[in-house]
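For reference, the structure discussed in these notes is given below.
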Amino acid sequence: MEPYVVDDMESSRFVVHRRTMTDAELFECERRLVFDRCWLYLGHESEIREPHSFQTRTLAGRPLLMLRQADGRVAAFINSCTHRGAPVCKEASGKSKFFRCFYHLWTFDTTGALVNVPDEESYGDTLDKRALGLVPVPRLEAYRGFVFVSFDPAIEPLADYLGPAADYLDLVANSAETEVEVIHGTHGWGARANWKMMVENSMDSYHVPFGHKRYLDAITSAGVTFKPADAKSSGGYAAKAGGYVQDLGHGHTVTAGAGGGFGRPASEVVEAKLRARRERLEALHGADYVHRLHAGPRNCFIFPNLFVIDLVMGTTVRLIDPVSVNQMRITGWMVAPRDEDPDLRQYRLDNSLGFWGPAGLASPDDVEIVESCQVACEGAANELGWIQNSRGITRESPLGVDEYQMRTFWRRWNQLVTGTEPKAEKHTVTSTFQLAQPESTELRAAACR
């Protein structure tokens, strides 16, 4: 059988076979070899701020219940009654001290303990409630408010898994004067395509001037200057002075620019408030670090399926969850400073909804793109064969419109699925502004916790 990935550095050729997008048996292997062995993003601590608050999610095929216990600790359980398996919580979010299975009303508290069984006497002495509590996830850890779980009890600590990618979560956390929060409300939509199609799409800036022309035309008509030629000739936003693309280890990558972000123009009132907030942040973190915070767009990918993207006046957290070999679920949340000024919050939401929302001018484009690619993969895999991912492989410093990010993802994927050791591309990251750290020793210490 042909390999899934051909990584030939001598001939500068990197291709991926299209059956990686269509093979149902391979999809089941991914579940075991990738999603059961990595840290997976579950949610943010701000979503369960108060004791007994909860969120229900589906992650890697498993129904999960994330909650805050009475003592303030965050926990996560399989959302399934230990009696017959029905969910113990059917609501998406809320607040409750107890969770009652709707099937037979077995009741559990926020520690997961089984506290009530109707007509318990009928079980005689065989029912051990202490052994029938909700099943906790094997591992749960949080970093700067971002909660991750793993179904591998022996996995390395989260901080080690994140490695340099943690620095980009620090940037999100340090963008607020106090703390950040997930804005109430969730964007959720699906796509009839393999999940890896959307991973590639979400880290691909090569397509932006072409695939999202409607959005660019809209902001251009509003007075924003955007030069499509940049993306064609010089690498777009990541090629601007100080921009870079970097392999962060473990399959994680970041694409970052230094030419400022883009979005709808801000009013004079909003511009003044943005400047004032920047000055306050400089007093907290130092001018160099705040320059890094605001230098330009950042797209950080945390393997296997999480994106933290600061692109259009705000930070979006995007999770891509596989449902089947040709079906995925995409969920997006906006992260912002808690108690943000109402004018700044509205400006953030207007920009976000217009670009990232399921009815915005970008996300529907991406769904159409990946679904049309999936149709071709399924119908003509034998004739088409390979997906090309060699762009920029010979360049000394990779650009945002290159495919270095995709190659990094695929090398880690191939390592986990086939055991093939990944090859290293030798590139030079020319940017220095990304090295800036907050001046506050307290913030540096928080980043290490």
Can you name the number of the only condition in (1) within 24 Å of the chain's Cα centre (by Cα); (2) at pLDDT 90 or above that TRP386 fails? (1)
Can you tell me which of (1) of a type outside the set (A, V, I, L, M); (2) closer than 25 Å to ARG144 by Cα; (3) assigned to a helix (DSSP H, G or I); (4) under 19 Å from the mean Cα position of the chain (by Cα) is the one ARG345 doesn't meet? (4)
For residues that are hydrophobic (A, V, I, L, M, F, W, C) and more than 25 Å from ASP160 (Cα to Cα), scanning just segment 39-54, find the one that is farthest from the chain's Cα centre (by Cα). PHE54
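Out of SER372, SER324, SER352, I need the residue that is within 26 Å of PHE35 (Cα to Cα) and in contact (Cβ under 8 Å) with a residue 12 or more places away in the chain. Which one?
The unique qualifying residue is SER324.
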Listed by first then second residue, the pairs whose first member lies in segment 336-348 and is of a type in the set (Phe, Trp, Tyr), whose partner is assigned to a loop (DSSP other than H, G, I, E, B), with beta carbons under 7 Å and at least 6 positions apart or on separate chains, are TYR347/ALA266; TYR347/MET313
For segment 371-410 the number of residues that are within 22 Å of PHE303 (Cβ to Cβ), in a strand (DSSP E or B) and touching a His at 6+ places or on another chain (Cβ under 8 Å) is 1
Kindly state which strands (runs of 3 or more DSSP E) lie completely within segment 1-57 and contain at least 2 residues that are within 15 Å of THR420 (Cα to Cα). 5-8, 13-17
So GLU371, is it modelled with pLDDT of 90 or more, within 22 Å of ARG31 (Cα to Cα), surrounded by fewer than 19 Cβ atoms within 10 Å (Cβ to Cβ) and under 25 Å from the mean Cα position of the chain (by Cα): yes
Here, helices (runs of 4 or more DSSP H) confined to segment 178-263 with at least 2 residues that are more than 28 Å from GLY163 (Cα to Cα) and either at pLDDT 65 or above or of a type in the set (Phe, Trp, Tyr) (or both) are 208-211, 213-221
Counting only residues in segment 416-446 that are surrounded by fewer than 16 Cβ atoms within 10 Å (Cβ to Cβ) and outside any loop (DSSP other than H, G, I, E, B), the one modelled with the highest pLDDT is identified as THR418
Within segment 293-333, which strands (runs of 3 or more DSSP E) (wholly inside it) include 1 or more residues that are surrounded by fewer than 20 Cβ atoms within 10 Å (Cβ to Cβ) and either outside the structural domain of GLU279 (by TED's automatic domain parsing) or among the β-branched types (Val, Ile, Thr) (or both)? 315-324
Name the one entry in LEU105, LEU171 that is part of a helix (DSSP H, G or I) and in contact with a strand residue (DSSP E or B) (Cβ under 9 Å, 6 or more places away or on another chain). LEU171
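The values are calculated or read from the model by the stated rules, or taken from the named source; none is laboratory data. Quick caveat, the model's predicted, so the values are computed rather than measured. Cβ sites come from the backbone with ideal geometry, for glycine too, and all protein chains shown count toward neighbours.
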